[in-house]
1. So which residues in segment 203-219 are among the small types (Gly, Ala, Ser) and in a helix (DSSP H, G or I)?
2. Out of (1) of a type in the set (Val, Ile, Thr); (2) assigned to a helix (DSSP H, G or I); (3) open to solvent by 20 Å² or more (accessible area, probe 1.4 Å); (4) touching a helix residue (DSSP H, G or I) at 6+ places or on another chain (Cβ under 6 Å), the odd one out for Thr340 is which?
3. Tell me which residues, restricted to segment 124-160, are open to solvent by less than 60 Å² (accessible area, probe 1.4 Å), in a loop (DSSP other than H, G, I, E, B) and within 23 Å of Asn206 (Cα to Cα).
4. Just checking, does segment 576-586 include any residue being part of a loop (DSSP other than H, G, I, E, B), modelled with pLDDT under 95 and touching a helix residue (DSSP H, G or I) at 6+ places or on another chain (Cβ under 6 Å)?
5. All but one of (1) open to solvent by 30 Å² or more (accessible area, probe 1.4 Å); (2) over 30 Å from Ser504 (Cα atoms); (3) not in a loop (DSSP other than H, G, I, E, B) hold for Ala394; which doesn't?
6. Please list, ordered by first then second residue, the pairs with beta carbon atoms under 7 Å, 6 or more apart or interchain, first in segment 140-166 and closer than 17 Å to Glu119 by Cα, second hydroxyl-bearing (Ser, Thr, Tyr) and modelled with pLDDT of 90 or more.
7. If Phe93 satisfies every condition in (1) out of contact with any Lys or Arg (no Cβ under 6 Å at 6 or more places or on another chain); (2) more than 30 Å from Ser176 (Cβ to Cβ); (3) in contact (Cβ under 8 Å) with a residue 24 or more places away in the chain; (4) assigned to a helix (DSSP H, G or I) but one, which is the exception?
8. Determine which single condition Arg196 fails, assuming it passes every other condition in (1) part of a loop (DSSP other than H, G, I, E, B); (2) surrounded by 14 or more Cβ atoms within 10 Å (Cβ to Cβ); (3) under 43 Å from the mean Cα position of the chain (by Cα).
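The values are calculated or read from the model by the stated rules, or taken from the named source; none is laboratory data. Everything numeric in this text was worked out from a predicted model, so none of it was measured. Counting neighbours? That spans all protein chains shown, and the Cβs are built from the backbone with ideal geometry, glycine included. Areas reflect the complete protein model, heavy atoms only, side chains present, ligands, DNA and RNA absent. Shrake-Rupley method; radii C 1.70, N 1.55, O 1.52, S 1.80 Å.
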Amino acid sequence: MSHFSSSFTHPNSTTKKKMASLYASRALKKHLTTPLSLRSTTASFCYYSSQSLNENPNPKKQEKIEDLICRMMSSRAWTTRLQNSIRNLVPSFDNQLVYNVLHSAKNADHALQFFRWVERSGLLKHDKETHFKIIQILGRAGKLNHARCILLDMPNKGLDWDEELWILMIDSYGKSGIVQESVKLFQKMEELGVERSINSYNALFNVITRRGRYMMAKRYFNKMVNEGIEPTRHTYNLLIWGFFLSSKLDTAIRFFEDMKSREITPDVVTYNTMINGYNRVKKIEEAETYFVEMKGRNIEPNVISYTTLIKGYSSVERIDDALRLFEEMKSFGIKPNAITYSTLLPGLCDAKKMSEARSILKEMEEKYIAPKDNSIFIKLISGQCEAGDLDAAADVLKTMIRLSIPTEAGHYGVLIENFCKAGIYDRAVKFLDKLIEKEIVLRPESSLSMEPSAYNLIIDHLCNNGQTSKAETFFRQLMKTGVQDPVAFNNIVCGHSREGVPDSAFEILKIMGRRKVVSDVISHKSLVECYLKKGEPADAKTALDNMLENGHKPDSLLYRSVMESLMGDGRVQTASRVMKVMLEKGVKEHMDLISTILEALLMRGHVEEALGRIELLLHSSLSPDLDGLLSVLCDKGKTSAALKLLDFGLERNCNIDFSSYDKVLDSLVAAGKTLNAYSILCKMMEKGGVEDHKSCEELIKSLNDEGNTKQADILRRMILGKETTLDSKKGKKKTAMAT
């Protein structure tokens, strides 16, 4: 691409246009002189070259050829066209270029395709370095079968095996957890005549000890020694660490002593391994002994040495010794690292040394050292809250933000809960505002969720202080994470009801119903009362129905309030339905209101409905005031309704006063409904309820006047028959007295 670079000077807007024109003319000329079979690849080459020039107009920052090839492979499918484009881009390949392309490849698949294509196309014969690179790439990507095939195929290409290649494969299988394959490769080295040095054995020890194969490690160690291969310090460090991992303390000690007997001087790594191993089995005194021995041998402890022993002290609750060692390492000029701080801080929290923990956290903040384990912050916040230092707890959150450590809902939850418990609600609300604004609850990477004890406290406070909408906004975020807390739901319903927003409260109740969350009777009652206060009795009745559907039993006063409100709004039949439900639920109060509803039904002509309600009252062992209802109906001229009510009472032997009968009869006669009066009178006489025949005579006269002579004659005979019966009864009574 040198012919492009020589044409460039420092570009400005004018020169860019000239360059583009020059480049286009050159590209066109080259395209026209190119055979048709190669024009597509030439065009592709021109495209990528132009892209490179446009992105890098400055010759000093021109894109490297290997980067350009990798970009082409990552943006296009691996086809013949792409291969031709790369071939036209690079006149001749060398091993250094191929190595660089493999190193810069975006993924292992691209690297493998390029590696095989270069070789199969006859563009290059790979050397050991390119083989090493592709095996390394494939091993890291877990494509171990491909890597193994390439390794075993090297002799067919005239390349001798290098021990490092086999070590690389052994380590790759080990990191993938396939220990048996690592062992097989190690054995195959001997079969194929590949010389094995201490490096091969160390690679094998590293794999098998990490997987707890301590017996195998011992066998191969003996085999190594028998072959005359002397172990190194690194060999012993690997084995000792592996024995400690397998909890083989005695074996680890024996190898440590064997190391010294071979006059191999332990180094700081060896002592760190011994200290850490004793920490694992809680033998801190022995770990201290090795720490002192290391100093006695003039081996300077490093940050790992101090951190390891600090961890040991913290694990056995010797936090004062851990602090002493921490100060000692700083006095010797050894700077604590993130692991040191992460090791010490939890121990301080467990020991309730929160002032020291606050100082160390401040030190971390000043040095801008973020711990490796972010879970320590929830422990710090909780510890400071338990110690009663809420300001220090809030400072922990500030430190997290300054150290660019992502805060989570759990951190805010602990602070909100404790500030609420302390009665400092304004600060708790401020924390909640940040939580809502940044949607921290909804972060997918969050691992610490907010506890119910935290969000229920703040939601309860908001709902009792006129901020239910904010509480709902927050809780809806929690709902998206799967939270379905009935306490929070009911608090929000009550809050909206108190604030006079019943529709929002009802919407929450509907959500609860869909999600099968248990509602509270208080929530439903507050919603009904809210609708009543707003003068919306129909909605109040709907809310009452919802209350019943959810299995709650309203109290008698709530029934009365809803019925009175409906009556006041002229919704008599709706009030009647509420009355029906009330009676069916066993509530036997408010007879005065029941009478009012019955009267209104009868007056409006809903006679059948009224009679049905009276029937329900009778089944409930309640006695409605039929005399009063009949009197009102007669006074208001509702003779049809009075007739049906009286007829209903007669059929069911209700206790009706004779004066009510007379009043109904008089009303019927006055209204010209003589036949209806005749019918009622006949029924009364059958029950023996007529003693005054004056009204009967008047009715007979009216019947004759209207031409109903038959009915008049029947009624007269009934009266005469009644009198004869009465006279005979009196005569029998007198005879009995005479005898």
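1. Hits for segment 203-219 are Ala203, Ala217.
2. Unmet for Thr340, out of (1) of a type in the set (Val, Ile, Thr); (2) assigned to a helix (DSSP H, G or I); (3) open to solvent by 20 Å² or more (accessible area, probe 1.4 Å); (4) touching a helix residue (DSSP H, G or I) at 6+ places or on another chain (Cβ under 6 Å): (3).
3. Ala141, Gly142
4. So in segment 576-586, the residues part of a loop (DSSP other than H, G, I, E, B) come out as 585-586.
This time we only want the ones that are modelled with pLDDT under 95, so: 585-586.
Subsequent filtering for residues that are touching a helix residue (DSSP H, G or I) at 6+ places or on another chain (Cβ under 6 Å) retains none.
So far as segment 576-586 goes, no, none of its residues is part of a loop (DSSP other than H, G, I, E, B), modelled with pLDDT under 95 and touching a helix residue (DSSP H, G or I) at 6+ places or on another chain (Cβ under 6 Å).
5. Exception for Ala394: condition (1).
6. From residues that are closer than 17 Å to Glu119 by Cα, the pairs are Ala147/Ser172.
7. Here Phe93 meets the rest and fails (4).
8. (3)
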